[in-house]
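*Asks:* Structure in structure tokens, see below.
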Amino acid sequence: MIEIAEEVQDALRGSGPVVALETTLVAHGFPSGVGAGVALDAERRVRRAGAVPATVGVLDGRVRVGLLERELERFAHAGSEARKVGPRDLAACAVQRALGATTVGGTLMISRLAGIRFLATGGVGGVHRGWQTQPDISADIAELARTPALVVSSGVKSLLDTSATAEVLESLGIPVAGFRTNELPLFYAAAGGPPASARLETADEAAALAAGHWRLGGRGLLVANPPVESVADLEPLIEQGLAEARRRGVGGQAVTPFVLSFLHERSGGRTLDANRRLIADNAGLAAEIAVAHAQLARAVGHRL
Ligand code: PSU
Ligand code: MN
């Protein structure tokens, strides 16, 4: 049921640096067709830093780790026709031979199985606003709690309740390290989020933190990388997007893609450009950390 690309297998066998990438952002995070370029950019950035990209998705009855360019195109053009596949959906999607775009949570589940320790995305899921009346907590968080992997993101998506998300991350023992920042970025904004639990200055430090956390029996970690370009004054548009989703009865898994595409349209493409850029930058940083971690393991002479 699982097929790992040869290049990825070779790297994992030799304890080389591998970075998992997800396909939900490819299918659901950008307008039709655009996501393939975003995915290819992210893969290029991983390679440029000296690591092997392992983009995960469900195709033709198999969970695939490592996709070809034309397969990425299939996800990008499928858009909402592709299933959004979190941890609970993986088996059903594969068994029913549906096209499945894996979320961070779904990708982490496969990473755990494959032994991949690093993942990059745009913004992880978390506690949605309005949880007081309708609890909606992304499965990304639960999967981070059980998977020994380091995820690089631009903090937590600003359409969420970011301080509630930070509290849940703390409850689950998930370190949230700011990369050259003391506070969590808010996806499209470099600052303004809750305080980070640690501050990191270099990829080497991030690798050492991950190795230490895993040595102590910890599981997932988040490294929050502030976006280079911030999009100013988005909060009113976010509120409008969430209200529009409620009005149209958009709920559950559909909320995040709906609001992202609302923002991409209403911001005149500013969020789209920023999103594209931050995904590539996060992929590059995850790869640098994966490379630093592989070097650390080589220096001590055993797996970390
Ligand atoms: N980052 C982006 N765009 C996205 C996502 C992350 O820049 O579309 C996706 C990830 O796949 C993440 C998902 O797992 O959003 C979270 O969805 P939800 O809130 O429904 O759990
Ligand atoms: Mn949800």
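*Asks:* Return the single residue from 254, 287, 39 with maximal mean-square fluctuation; model: Gaussian network over the chain, springs between Cα atoms under 10 Å.
*Replies:* 254
*Asks:* A further question follows. By DSSP, what percent of the beta bridges with both residues in the chain are antiparallel, rounded to the nearest 5?
*Replies:* Within the chain, antiparallel bridges account for around 30 percent of the total.
*Asks:* Per residue and in Å³, how big is the convex hull formed by the alpha-carbon atoms of the stretch 197-304?
*Replies:* Per-residue hull volume (Cα only) is 134 Å³.
*Asks:* Project the alpha carbons of the stretch 96-254 onto their principal axes and report the range along each, largest first, in whole Å.
*Replies:* 48, 43, 27
*Asks:* Then there's this: Residue-wise, which Karplus ³J(HN,Hα) couplings in Hz belong to the stretch 135-148, taking 6.51 cos²θ - 1.76 cosθ + 1.60, θ = phi - 60°, and x for glycine or proline?
*Replies:* x, 9, 10, 4, 5, 4, 5, 4, 6, 4, 5, 10, 10, x
*Asks:* Further question: May I have the pair-distance distribution P(r) for the stretch 48-111, computed from all Cα-Cα distances with 10 Å bins from 0 and rounded to whole percent?
*Replies:* Taking all Cα pairs of the stretch 48-111, the binned fractions are 24, 56, 17, 3 percent.
*Asks:* Another question about this same structure. Where the centre of each part is set by its Cα atoms, how far does the stretch 174-220 sit from the stretch 12-40, in angstrom?
*Replies:* The distance from the Cα centre of the stretch 174-220 to that of the stretch 12-40 comes to 22 Å.
*Asks:* Please report the relative contact order for the chain, taking Cα pairs under 8 Å with a sequence separation of at least 6, and give it as a percent rounded to a whole number.
*Replies:* 20
*Asks:* For a protection proxy built on the mean count of beta-carbon atoms within 10 angstrom, sort 179-185, 11-17 highest first, please. Mind dumping the intermediate values first?
*Replies:* Values: 179-185: 19.3, 11-17: 16.7.
Result, highest mean first: 179-185, 11-17.
*Asks:* Once you've got the GNM for the chain with C-alpha springs shorter than 10 Å, pick whichever of 103, 121, 256 has the biggest mean-square fluctuation.
*Replies:* Looking only at 103, 121, 256, the biggest GNM fluctuation is shown by 256.
*Asks:* May I pose another question? Starting from the Kirkwood radius over alpha-carbon pairs of the stretch 59-179, derive D by Stokes-Einstein at 37 °C in a medium of 0.692 mPa s and give it in µm² s⁻¹.
*Replies:* For these conditions, the coefficient is 215 µm²/s.
*Asks:* Also, quick follow-up: Residue farthest toward the positive end of the dipole of the stretch 1-126, with Cβ of Lys/Arg at +1 and Asp/Glu at -1: which of 35, 78, 116?
*Replies:* It is 116.
*Asks:* Moving on. Pop out the Kirkwood hydrodynamic radius of the chain from its pairwise C-alpha distances, inverse of mean 1/r, in Å to one decimal.
*Replies:* Hydrodynamic radius (Kirkwood, Cα pairs) of the chain is 18.8 Å.
*Asks:* When the Kirkwood hydrodynamic radius is evaluated over all pairs of different C-alpha atoms of the stretch 1-133, what value in angstrom, to one decimal, is obtained?
*Replies:* Radius from the Kirkwood sum: 14.7 Å.
*Asks:* In addition: List the equivalent ellipsoid semi-axes of the stretch 199-246 in whole Å, largest first, each obtained as the square root of 5λ for an eigenvalue λ of the Cα gyration tensor.
*Replies:* 35, 16, 5
Each value in this text was obtained by applying a stated rule to the coordinates, not by laboratory testing. What you see is a predicted model, and the numbers here were worked out from it, not measured in a lab. Ideal geometry is used to build each Cβ from the backbone, glycine not excepted, and the neighbour counts take in all protein chains shown.
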